[in-house]
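Visitor: Okay, here's the structure, questions in a sec.
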Amino acid sequence: MDVQNLTREELVAIASWYADVGIDLTVGELPRDRFAEAAAEPARAERRQPAEASVPVPQSQGRVAPRDLARPSATAAPPPDEATRTARELAAAAHSLDELRAALENFDGCALKRTANRLVFADGNPQARIMLVGEAPGADEDRQGLPFVGRAGQLLDMMLRAIDMDRSHVYIANVVPWRPPGNRTPSPQETAICLPFIHRQIALVDPAIVVCLGGSAAQTLLGLKEGIMRARGVWRDFTVEGEGGRTIRALATLHPAYLLRQPAHKRLAWRDLRELKRAVAKL
Ligand code: URA
């Protein structure tokens, strides 16, 4: 299609059709067949020298300088298993939240990073006893680089206020720290690649309570199979990866974005919030 010949009305109609189907950003001037590129990748990898083909991983057992964690000349994301392995090594090598943020800034293993504007690492108080974990950032979060700052975030603030809290009482992050295009659900592969980082983030914050916001975070972090309606409001154990089976108390509740669509279910979220407040009073 030669867009030069289209009228303004036709261009607006195309743009609004894209927006309706969830395509709300452009990543290049020309279309690219990434399926064909992925199919060609194994053959290209075989022709590469072994040293060039491997992902650089930290060699030292001790602290790793953030710059050492980068994939210096990567143009395509590495295969998922390799990316997950690298993510695990980088996450384990981070000994502070600043190091973890730097590791994520330098990590190129998750393709979402290439379409997102910003890394959305965290908000709130890193010393908080409560950590809230959502699914992935949306458009507002992607613009500002902070989690839960859009409409769902405003509702989350009101939910916190209802139990006499604000962001200074909690630390907030997401399972996936980059916005999936069009706010789609992160794929299982994207989630698996990012998982070591959120596990490490939880371990470094070391909260007394983890609250999973929505079914996706609950299923990913707590390994639940059931939907959020069954999973919510029940205390569970979150097992911190790589920490010898250490557990943290965890509660799942409804995602504020879901509550915006289903306001009648706010009463269920309110029950969970009161349960959280009771538990916090006993800390
Ligand atoms: N939804 C999420 O799960 N996380 C955010 O940061 C914003 C919306």
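Visitor: Of these, Pro181, Pro256, Pro196, Pro263, which one is in contact (Cβ under 8 Å) with a residue 60 or more places away in the chain and away from the ligand (no atom under 15 Å from the Cβ)?
Guide: It is Pro196.
Visitor: Please specify each residue of region 269-279 satisfying the condition of being of a type in the set (A, V, I, L, M, F, W, C) and within 16 Å of Leu156 (Cβ to Cβ).
Guide: Result: Ala269, Trp270, Leu273, Leu276.
Visitor: Which residues, taken from region 159-179, are closer than 14 Å to Pro147 by Cβ and not in a helix (DSSP H, G or I)?
Guide: Of everything in region 159-179, those that are closer than 14 Å to Pro147 by Cβ and not in a helix (DSSP H, G or I) turn out to be Val170, Tyr171, Ile172, Ala173, Asn174, Val175, Val176, Pro177, Trp178, Arg179.
Visitor: List the pairs whose first member sits in region 113-132 and is more than 18 Å from Cys212 (Cα to Cα) and among the β-branched types (Val, Ile, Thr), whose second member is away from the ligand (no atom under 16 Å from the Cβ) and not in a strand (DSSP E or B), and whose Cβ atoms are under 8 Å apart, counting only residues at least 6 apart or on separate chains?
Guide: Thr115/Leu25; Thr115/Val27
Visitor: Can I ask one more? In region 206-239, what residues are within 19 Å of the chain's Cα centre (by Cα), within 16 Å of the ligand (Cβ to nearest atom) and more than 16 Å from Ala136 (Cβ to Cβ)?
Guide: Within region 206-239, Val210, Val211, Leu222 meet the criteria.
Visitor: Before we move on, is Pro147 free of Cβ contacts under 8 Å to residues at least 40 places away in the same chain, in contact with a strand residue (DSSP E or B) (Cβ under 9 Å, 6 or more places away or on another chain) and within 22 Å of Leu222 (Cα to Cα)?
Guide: Yes, satisfied.
Visitor: Which one of these does Val205 not meet: (1) crowded, with 20+ Cβ neighbours inside 10 Å; (2) free of Cβ contacts under 8 Å to residues at least 60 places away in the same chain?
Guide: Failing condition for Val205: (2).
Visitor: Report yes if some residue within region 156-163 is buried (at least 20 other Cβ atoms within 10 Å of the Cβ), at pLDDT 95 or above and within 12 Å of the ligand (Cβ to nearest atom); otherwise report no.
Guide: Within region 156-163 (the criterion being buried (at least 20 other Cβ atoms within 10 Å of the Cβ), at pLDDT 95 or above and within 12 Å of the ligand (Cβ to nearest atom)), the answer is yes, since at least one residue qualifies.
The values are calculated or read from the model by the stated rules, or taken from the named source; none is laboratory data. All values derive from a computational prediction rather than experimental measurement. Cβ atoms come from the backbone with ideal geometry, glycine included; neighbour counts cover every protein chain shown.
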